[in-house]
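Below is one structure, written out as structure tokens; comments come after it.
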Amino acid sequence: MSKLKFVRHPHPSPVPAAKRAELLANPGFGRVFSDHMVTIRYSEAEGWHDARIEPRGPIPMDPAAAVLHYAQEVFEGLKAYKTADGGATLFRPRENAKRFQQSAERLAMPSLPEELFVEACDLLVKTDRAWIPDGDGASLYIRPFMFANEIFLGVKPSSNYLFIVIASSVGSYFKSGADAVSVWVSQEYTRAAPGGTGAAKCGGNYAASLLAQSEATRHGCDQVVFLDAAERKWVEELGGMNVFFVFNDGSLSTPPLGGTILPGVTRSSLLTLAKDKGIKVREERYSYDEWKADAHSGKLREAFACGTAAVVTAIGTVRAPEGEFKIGNGGAGTRTEELKAALVDIQRSRAADPHKWVHKVF
Ligand SMILES: Cc1ncc(COP(=O)(O)O)c(C=O)c1O
């Protein structure tokens, strides 16, 4: 437990149960929000202070707040799951807390203690437990974020910050519900350059990816794939997911972390689970040209995207300006399904948890 005490301001008029049930029946992704939010303030003079849980609502902001001008903002994403005994769990929240600290450091922001991050998430899940939807693909998506709110137009790290946690009841990320998604290989735009902010989960990275994502959508694809900025050759990651490749010898590879890729919690969990299963795994660079050639020759059997939001989703079609190719039969392969099941069974407390990844909230 952290030293900070959370002051509680319960919602005076939470969403009525019948209305909530209606919203939870088909929540989609990121549109349905729970009743409360956690807020903690930071100032250079006081450090982290004024911790509260209060009704979710608009946050008054001065038009000169630094984040609105220089995008000093970082965030996280993790999920709370309902358990069979009526409890709730989070999956590896300390990993998100650590990444939040690393993102903050890169953006010249203060470090939020790991235990305070986890306590804030726990408190929101406990308070808004009624918003965790039932169902296999459903969960309560927790979105911690922090931004600069000093009122000053000079370009420098802000002296004040606001940390907030909100929660959104979610179903599956991809609307199509298909067993495999299509991806567009962006040739014009890159996501992150060496020395940049690619490994940080900061809003600016996503702002920079939106035009490429729109291009993907225009070409009928679900997600954009980014190649490296230096050579425009190596596959890095998707707009909001890491990527894995499965080969005909049963082995698995994923692009190595090197500062330009987000170090995904799902990515690291899958690497561990694959090793547990005796699957050969490599973190190595893989070029778009190899991807195409291996898909044609059959050396590449499967590819999948992974992340908290998308969990594990097969990639069936790869499209680029010069044409497209299919991976395997264009659907989900057996290795993808096997790894997805292994991960989801732990996340949903249906299987043993040998690595102690499941964090019981209550
Ligand atoms: C760019 C990017 N890559 C990868 C991931 C996957 O990370 P994680 O598995 O921690 O959700 C995400 C999602 O958070 C992301 O936004």
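The values are calculated or read from the model by the stated rules, or taken from the named source; none is laboratory data. Keep in mind the model is a prediction, meaning the values are calculated, not measured. Cβ placement follows ideal geometry from the backbone for every residue including glycine, while neighbour counts extend to all protein chains displayed. These area figures cover heavy atoms from the full protein model, side chains too; ligands, DNA and RNA do not enter into them. Shrake-Rupley method; radii C 1.70, N 1.55, O 1.52, S 1.80 Å.
Does SER269 meet the test of being within 16 Å of GLY77 (Cβ to Cβ) and open to solvent by less than 10 Å² (accessible area, probe 1.4 Å)? Judged against the criteria, SER269 is a match. Of all residues in the range 200-223, none that is modelled with pLDDT under 95 has its Cβ atom under 6 Å from the Cβ atom of a residue that is within 12 Å of the ligand (Cβ to nearest atom), 6 or more apart or on another chain.
Quick check on this structure: which one of ALA207, ALA212, ALA193, ALA199 is closer than 30 Å to ARG106 by Cα, open to solvent by less than 30 Å² (accessible area, probe 1.4 Å) and hydrophobic (A, V, I, L, M, F, W, C)? Sole residue among the options that is closer than 30 Å to ARG106 by Cα, open to solvent by less than 30 Å² (accessible area, probe 1.4 Å) and hydrophobic (A, V, I, L, M, F, W, C): ALA212.
Listed by position, the strands (runs of 3 or more DSSP E) enclosed by the range 233-275 that each have at least 3 residues that are away from the ligand (no atom under 14 Å from the Cβ) are 242-247.
Among the candidates ASP345, ASP289, ASP294, the residue that is without any contact (Cβ under 8 Å) to a residue 24 or more places away in the chain, outside any strand (DSSP E or B) and not aliphatic (A, V, I, L, M) is uniquely ASP345. One residue is enough: does the range 69-79 have a residue meeting the conditions within 16 Å of the ligand (Cβ to nearest atom), closer than 25 Å to VAL15 by Cβ, among the aliphatic types (A, V, I, L, M) and in contact with a Phe, Trp or Tyr (Cβ under 8 Å, 6 or more places away or on another chain)? Yes, some residue in the range 69-79 is within 16 Å of the ligand (Cβ to nearest atom), closer than 25 Å to VAL15 by Cβ, among the aliphatic types (A, V, I, L, M) and in contact with a Phe, Trp or Tyr (Cβ under 8 Å, 6 or more places away or on another chain). Scanning the range 162-188 for residues that are in contact with a strand residue (DSSP E or B) (Cβ under 7 Å, 6 or more places away or on another chain) and either part of a helix (DSSP H, G or I) or within 22 Å of GLU95 (Cα to Cα) (or both) yields LEU162, PHE163, ILE164, VAL165, ILE166, ALA167, SER168, SER169, VAL170.
Yes or no: the range 35-46 includes at least one residue that is charged (D, E, K, R), in a loop (DSSP other than H, G, I, E, B) and surrounded by 11 or more Cβ atoms within 10 Å (Cβ to Cβ). Checked against the condition, which is being charged (D, E, K, R), in a loop (DSSP other than H, G, I, E, B) and surrounded by 11 or more Cβ atoms within 10 Å (Cβ to Cβ), the range 35-46 yields at least one hit.
If you scan the range 304-327, which residues turn out to be in a strand (DSSP E or B), out of contact with any Cys (no Cβ under 6 Å at 6 or more places or on another chain), within 16 Å of the ligand (Cβ to nearest atom) and among the β-branched types (Val, Ile, Thr)? Passing the criteria: VAL311, THR313, ILE315. When ASN26 is tested against the conditions (1) farther than 26 Å from SER159 by Cα; (2) open to solvent by 90 Å² or more (accessible area, probe 1.4 Å); (3) at pLDDT 95 or above; (4) not hydrophobic (A, V, I, L, M, F, W, C), the lone failure is (3).
Right, GLU283: of a type outside the set (A, V, I, L, M), crowded, with 22+ Cβ neighbours inside 10 Å, at pLDDT 95 or above and touching a helix residue (DSSP H, G or I) at 6+ places or on another chain (Cβ under 8 Å) or not?
No, not satisfied.
Just to be sure before I move on: is ARG191 touching a strand residue (DSSP E or B) at 6+ places or on another chain (Cβ under 6 Å), basic (Lys, Arg), closer than 25 Å to GLY331 by Cα and within 14 Å of the ligand (Cβ to nearest atom) in the structure I sent? In short, no. Please determine, by comparing only the residues of the range 312-327 that are crowded, with 21+ Cβ neighbours inside 10 Å and out of contact with any Phe, Trp or Tyr (no Cβ under 8 Å at 6 or more places or on another chain), which one is farthest from GLY220 (Cα to Cα). My answer is ILE327.
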